[in-house]
Structures are given as C-alpha cells and as structure tokens.
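Peer 1: Below you'll find the structure I mean.
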Amino acid sequence: MTTNGSSRRRSSVETDALALPLANGLVPVRSPASASIGGYVRLTSHVLLQAERKPFRTIGVVSAHDGEGKTTTAMNLAACLGRTRGRLGRVLLVDADMRSRTLSRLLGAETTGDGGSAGSSRRTPRLSLTDFEGVDLMAAPENGDEITLFGPGMWAQVLAALAPRYSMVVVDCPSVLDCAEGLVLPAVVDRLVLVVQAGRTKRGSVTAAIEAVDRKPVGVVLNQMDRR
Amino acid sequence: VLFPDAAPDDRSVIVRARERVTFERQGDYSFRVGVTDTSPTRAADALNAMLDAFLASEALVPRRRVEGERQFFADRLAAAQEVTRAAAAELRAFNEKNVDTLPEAREALVVDLERAKSEVALLEQAKRSAQSRIDFLGAELESSGTGGAAPPKEEVQALLQRRRQFEANAGDVRRRLALERRKYKDDWPSVKGLIAELKSIEDDIAVTTAAIEAKESLPDVVRPPASAAEGDAVRRMRVFRAQAEDEIRQSEAALKGLAEARDRIQQKITSIPFTDVKRRPLVERVTQAEARAAELQRQLDRSESLVDFLQRSPASQAIPYLVEQRAVPPSSPSGPARVKTMVAAIGIGIGIGYGLTLLGKRFKPPIVDRPFDLADLVGDALVVTIPRLPAPSEGTPRRRLRLGRLVPWGYAAACVGLATLAWGTFLHWWPAPSWLDPLLEAAR
C-alpha cells in the first residue's frame, strides 16, 4: 500500500477553485459566482431535490482513483449546502480519507486540539468549526498503520450518531479502487457522488468503481474539463 | 555517351538511358527531344549524337521501305507458288486416279463404245450365219437319211474306250488306297490325296457314262451311206456343221467379252459428270493460286524496278527533316526539382504522420473527456462539469499551444519526409550503382 499523502499529486487548480490557504485560519470562500462554482451549485440543488423527494442525511463523495477531486468536491458541496437558505440545521463535512487526511490539513483541524497531545488528538475523531458558513468538520482519525481497517459497523455507528444533529453529512471517502476503505464508506452512506477527472480517468476505471460500490451515484462531477 | 563505363549490351542500361530521354511533340510537323543528365555538356553531346543517328537512319527510310516491300512481295510470291504447286500436285493425283472417267477421255470412250457395238453386231451376224448353216446342213443330213444329228459309231466307241480307261485308273487307285489305309489313317496326306484322285476319276466316269447314254439315246434313223460319194458328202457336211458350231461357240465367247467391255465403257461415260464435279474445285484452286502468283510476280517486278531506281538516284537519299536547333549545353541545370521533391516529401510525411497519429489514438484506451462519455455508465445520474481553471500564477486563462501533441506528428513527418527526399535525390541526382539494378528492375 503506497498511500503516502506526500506522494499524492494535487494540482494548484484544485485549491485555487476555492482560494483556500494552506495555512491555518479561516478564510472566506470565493464568491459563488466564480466560474467553477456553478457546477457545485447545480449538484447541490440536485442533492437537495433528491433529499426532498426521499429524505436522506449522508452523502459520500467517491472517485475511482486518488487525485481526481474528491476533497474539492466534498468541500464545495458542503459549502454550498451550508449556504443554503431555509435549511434546518448545520452541515457536517467528514474527512474519511484516513491515509491522506487532506481535508483535515486544509481546514486546520489537525492543530486545533483541546489541550491534549497532537498524537492522541489524531487518533480520535473530532468535530470542529470551519470557515464555511454552517459547516462543521469532523477530522479524519489516524489509524496509525497501514493495515488497520475501520469496519462498516464503526462508520455506521458514527454516522448514525452524528446524522440526527445535522441536516446533511458530506463524507469525503477514500478512492474506491486504490484502498480497501474505499469499499467500506460507500456502503454506509445514503447516497453517492462520483468524481471523474476529465482527460485522465479511463472509462474502464469508472465502470470498475461503479461495479465496486454496487450502486448508481446520484450525481457525477466531471472535474477539470477543458473548456475548448 | 550517357553511361560511358556501362556495357552497351546491358538491357538495364538501355532502359535507364531511355528513361532520361524526353520527347515532346509540337504541332503536326515538329518535335523536341531532350536528355536529362547531371552534366549539361554530356547531355548536349548525347542529344546531338542521337540526332545524327536519327537523321542518318531517316535518310535510308525510303529505300528501306521499298526494299521491305520487295522482300514482302518476294516472300508472298514464294508462298503463293508453293500453294500453286501443292494445288497442281493434288489435281494431278486426282487425274491419275480418275484417268478413265475424265471429261477429256469422253470422246475416246465414245469411239471405243461405238467400235464395241459394231463388233458385237458383226459377231451376232456371224453367229446367225453359222446357225443358219447348221440348220441347213442338219436339214440336209436328215433329209438324206444318213443321220442328221445321230452320232457316228466311232464317237460312241471312243467314249466307251475312254470310260474303260477311267475305270482301269480307278481300280489302280483303289488298290493303292487300300494299301495306304493299312498303314495310315484317312487324315494322312497321301491317303487324302488318293481319296481325292479317286473321286475325280469317278466323276470323269460319271460324265463319260452320261455322254454315252446321251449319244445312244438318239433315234436310230441313220442308215449307212449308199455309196462312197454319199459317204464323203455326208462326212463333209458333218465337218462343216462342226465348224459352224465351233464358230458359234467362238462368237459367243467373243460376244461375252465384248459385252463386258461395252458395259465398262458405258459405265465410264456415265461417271464422267461426277468426276468433273469433284475435280472442279481443284481446278479452281489451281487457277486462283496461279492468278495470285501472277499478281504477286507483277508487284515484285514493280518493287524491283523501284529499288533499282532509288539505288541509282541520289536525290532519293535526301533527309526529309529540317533541324531547327541542335542541342547546346544549357547555362543552368533544369533539374532536379528540389522544391517539388521537398514539398512532396513533406506532404507525404505529414499525411503519413497524421495517419499514424490517428491510428495511435484509435488503439489508445478510451479516456473520459466529455459528459457524453459518461452517459452509458452512470445512467440517469446528474452530470455536472467543473471547468479547468488556470493556476493563480497564470492569470487570465488563455489558449496555449500544446506542443506535446504535435511531437509525434512532427516526428513522423520529419522521418518520412527525409526518407522521401533521400529517395527523390537518389533517383534524380546520381545514377544508381550497378548492384542495385535487379532491385530497380523489380521495382519497375
């Protein structure tokens, strides 16, 4: 398993879409009128409509491989849901990618402790506020090694405990085809959003990912599509 | 001149030299000839040499044409004479085979037929005369009472004597046969010969006995002659009658032969028209062949006279061409067409490179690039697109030339273009080495 976070290739475009700083602190998100935010708004409205027809609380963001834009999509989806007027309750953004923990690092959840040691804080999931309006973050727990696996029962208990407190829970899942937990998380969430990177992801990978999670996604995000 | 070190008998050299000669027709009465070579002086020399050879050859064209006609007519005449001889031989063989029924023999056959008829008439007349004499002498003998048709006693005695001789011979043969049969069987050759001889003698005895009985059955109306004179007269009449009877037999034999000859002649005369019909095509063939040979002979004589005239007339060897301009070395080479060759090479290279790129793209694993690529995979799920944004350092998004995509094209175009350029250069600028001749020949 070569799931080192430092080896993961993330382009500058991904962070630029939200203008998020990599330093600590809360910075307001870019205006929704941005060129790239329109797709997320459409996805948000679609998710809300689906939830209106058949209520659900948890939605997972998955992709076939790493680096296709799951974290960006999850952040933007959560931000848009948090800005939705008329909602009942806050939105929880869950960083379930315990290998890279990108979301936790981006939003500064790794350093915000309650006085305990940094090592112990990483091993316990914690809730924290974010800079996004109406969005809380649950940082990813650190499993400590490469072979420890959080079973679906544990995640089901966590989500069952948190879901009644929030109007929507957005889970940033690991990639489906690159690690074993990528198969666990999609099984415990109510709906799925599939992220595909244009010009990189193969059709065979998309098919394999859908067959692996054994369910159709409620929405698909074609990320980084060339406008030409 | 074009290949100084090459062998003139080398066929590939001739072919390559011909490929470097251009012929351009200008109007109805003029033409232009060119030679392509790396050396302008050598090209001019080669072209002038070709021009001189052409003019020298053309000066002899009229005489050669007439000589060719003469040879043609001579060959045709020989063939016609051969045909005539063959037809004549066939006609001759037919005539020899049907010599008796040819139309030319009709007159002779008619004469022979008439002669046979006249001879038959003469013989019949002689026969009737002899018969009348026999009748007269028989009547005389019968009226004289000395025996008309009665045979004389000496004839009967002679027959009896003859039968006795036959019977003696038969007894002798029987004794010999009995002796032989004691030693041999009947299929022995000597026994079989004796049996056949005995049977022949017995047949003779039977014939003689029948003759004697016929002689003795005649009515006995004969009386002895009254006197010696009457006896002489009767004897002479009998001799005359025997002569007449012999004459009738001879006439009948001659009449039989003459009748057969007459019938044969008549049959030949009847077959003459059929023979004539069969012979007519042969005669016509001979006639036509002889006429054809005569006509060819006339044409050959005319050609002979024309050849003699051209050989004796110097005006007939004038060159029928006017040289407007002989070849001079050009100031600058006209070829090779470097620009054309390079443009063609680059065009071909780009085309092949583009084709190779398309092929590579065709066999590359499909990549999701547009929303419709996902339509059949995700079903009725909503597909949203997030455009690719430039990095903060790039500023305003702008179109960029993606050189990476052009690399395979340019590479393929350069490779094929260089190869094509080398090919054109190789063919146009330098003569190919001799060891490449089989390959070039095969390529052609």
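The values are calculated or read from the model by the stated rules, or taken from the named source; none is laboratory data. Here the structure is a predicted model, which means the values were calculated and not measured. Neighbour counts are summed over all protein chains in view; Cβ atoms, including those assigned to glycine, are modelled from backbone coordinates with ideal geometry. Calculation scope for accessible area: heavy atoms of the full protein, side chains included, ligands and nucleic acids excluded. Shrake-Rupley method; radii C 1.70, N 1.55, O 1.52, S 1.80 Å.
Peer 1: Taking K and R as +1 and D and E as -1, what net charge do the other residues with C-beta under 13 Å from the C-beta of residue B:33 add up to? Walk me through the intermediate numbers first.
Peer 2: Working: positive: B:18, B:20, B:25, B:32, B:326; negative: B:24, B:52, B:324.
That works out to +2.
Peer 1: Here is a follow-up. Hey, got the average number of other protein chain Cβ atoms within 10 angstrom for residues in A:190-200? Display every interim value, and only then the final one.
Peer 2: On the way: counts 0, 0, 1, 3, 5, 1, 9, 4, 11, 5, 3.
Taking all residues of A:190-200 together, the mean is 4.
Peer 1: Now, a different point. Using modelled backbone amide H atoms (1.01 Å from N, in-plane), which distant-in-sequence or interchain residues come within less than 5 Å of residue A:199's amide H?
Peer 2: When sequence neighbours closer than 5 places are left aside, the close amide H contacts are B:368, B:369.
Peer 1: At what distance in angstrom do the alpha carbon centres of the stretch B:14-46 and the stretch B:260-276 lie from each other?
Peer 2: 81 Å
Peer 1: Can I ask one more? Just read off the accessible area of residue B:268 with the full protein assembly in place, 1.4 Å probe, to the nearest 10 Å².
Peer 2: Looks like 60 Å² after rounding.
Peer 1: Another question, if that's okay. Please list 3J(HN,Hα) in residue order for the stretch B:114-121, calculated via the Karplus relation 6.51 cos²θ - 1.76 cosθ + 1.60 where θ = phi - 60°; whole Hz, with x for glycine and proline.
Peer 2: Once θ is set to phi - 60°, the couplings for the stretch B:114-121 become 5, 5, 5, 5, 5, 5, 4, 5 Hz.
Peer 1: Extending each Cα 7 Å along its Cβ direction at residue B:322 and residue B:64, get the distance between those two points in nm, one decimal.
Peer 2: 2.4 nm
Peer 1: Set the Förster radius R0 to 56 Å, insert the Cβ-Cβ distance between residue B:199 and residue B:93 as r into 1/(1 + (r/R0)^6), and round the FRET efficiency to 0.05.
Peer 2: Details: r = 52 Å, r/R0 = 0.93.
Efficiency for this residue pair is about 0.60.
Peer 1: Moving on. Amide H neighbours of residue B:35 under 5 Å, counting only residues 5+ apart in sequence or on other chains, H built in-plane at 1.01 Å?
Peer 2: Residues meeting the criterion, in which the H sits 1.01 Å from N, are B:22.
Peer 1: Let me ask another. Which residue, B:54, B:41, B:77, has the largest displacement toward the positive end of the dipole of the stretch B:1-115 when charges sit on each Cβ (Lys, Arg +1; Asp, Glu -1)?
Peer 2: It is B:41.
Peer 1: Simple spin-label model, 7 Å along Cα-to-Cβ: residue B:165 to residue B:57 in nm?
Peer 2: In this crude spin-label approximation the distance works out to 10.6 nm.
Peer 1: Related question: Tally Lys and Arg at +1 and Asp and Glu at -1 over the other residues with C-beta under 13 Å from the C-beta of residue A:193: what net charge comes out? Working shown, then result.
Peer 2: On the way: positive: A:42, A:70, A:191, A:215, A:216; negative: A:68, A:172, A:190.
Net charge in that neighbourhood comes out at +2.
Peer 1: What are the ³J(HN,Hα) values, in whole Hz, obtained from phi via the Karplus relation 6.51 cos²θ - 1.76 cosθ + 1.60 with θ = phi - 60°, for each residue of the stretch B:366-376 in sequence order, with x given for Gly and Pro?
Peer 2: Using θ = phi - 60°, the values come out as x, 10, 6, 10, 9, x, 5, 5, 9, 4, 7 Hz.
Peer 1: Give the accessible area for residue A:154 in Å² (nearest 10); use a 1.4 Å probe, count only protein heavy atoms, and leave out ligands, DNA and RNA.
Peer 2: 60 Å²
Peer 1: Quote the accessible area belonging to residue B:415 in square angstrom, nearest 10, computed with a 1.4 Å probe and with ligands, DNA and RNA left uncounted.
Peer 2: Here the residue's solvent-accessible area equals roughly 60 Å².
Peer 1: Separation between the residue B:139 and residue B:26 pseudo-spin-labels, each 7 Å from Cα along Cα→Cβ, expressed in nm?
Peer 2: With each label placed 7 Å out from Cα toward Cβ, I get 12.7 nm.
Peer 1: Something else now. For the stretch B:193-286, rounded, prolate or oblate, judged on the Cα gyration tensor with a ≥ b ≥ c (square roots of eigenvalues), a/c < 1.5 rounded, else prolate if a/b > b/c? Please report the intermediate quantities before stating the final value.
Peer 2: Numbers: a/c = 5.52, a/b = 2.05, b/c = 2.69.
Oblate, because a/c is 1.5 or more while a/b does not exceed b/c.
Peer 1: Hey, if we sort A:155, B:188, B:435 by accessible area with the 1.4 Å probe, largest down, what's the order? Don't skip to the answer; put the middle values down first.
Peer 2: Details: A:155 5, B:188 120, B:435 180 Å².
Descending order: B:435, B:188, A:155.
Peer 1: Over the alpha-carbon set of the stretch B:243-331, divide Rg by the Kirkwood Rh and report the Rg/Rh ratio to two decimals.
Peer 2: Values: Rg = 37.4 Å, Rh = 21.6 Å.
With Rh from the inverse mean 1/r over Cα pairs, Rg/Rh is 1.73.
Peer 1: State the extension gain, in nm to one decimal, for the chain segment bounded by residue B:245 and residue B:276, taking 0.36 nm per residue of separation less the distance between their alpha-carbons.
Peer 2: Values: separation 31, 0.36 × 31 = 11.16 nm, distance 4.68 nm.
That pair, residue B:245 and residue B:276, stretches by 6.5 nm at full extension.
Peer 1: Find out how many positive minus negative residues lie around residue B:180, taking Lys and Arg as positive, Asp and Glu as negative, among other residues whose Cβ is under 14 Å from that of residue B:180.
Peer 2: Numbers: positive: B:174, B:175, B:176, B:181, B:182, B:183, B:185, B:192; negative: B:172, B:186, B:187, B:197.
Its environment carries a net charge of +4.
Peer 1: What residues have an amide H closer than 5 Å to that of residue B:384, excluding those fewer than 5 places away on the same chain, when H is modeled at 1.01 Å from N in the peptide plane?
Peer 2: Close amide H contacts, sequence-distant or interchain: A:220, A:221, A:222.
Peer 1: Suppose R0 equals 51 Å. What FRET efficiency, 1/(1 + (r/R0)^6) with r the Cβ-Cβ distance, do residue A:150 and residue B:361 give to the nearest 0.05?
Peer 2: Working: r = 43 Å, r/R0 = 0.84.
FRET efficiency, residue A:150 to residue B:361: 0.75.
Peer 1: Give me a comma-separated list of calculated 3J(HN,Hα) values for the stretch A:179-191, in order, Karplus coefficients 6.51, -1.76, 1.60 applied at θ = phi - 60°, integers in Hz, x for any Gly or Pro.
Peer 2: 8, 5, 5, x, 8, 7, 4, x, 7, 10, 9, 7, 9
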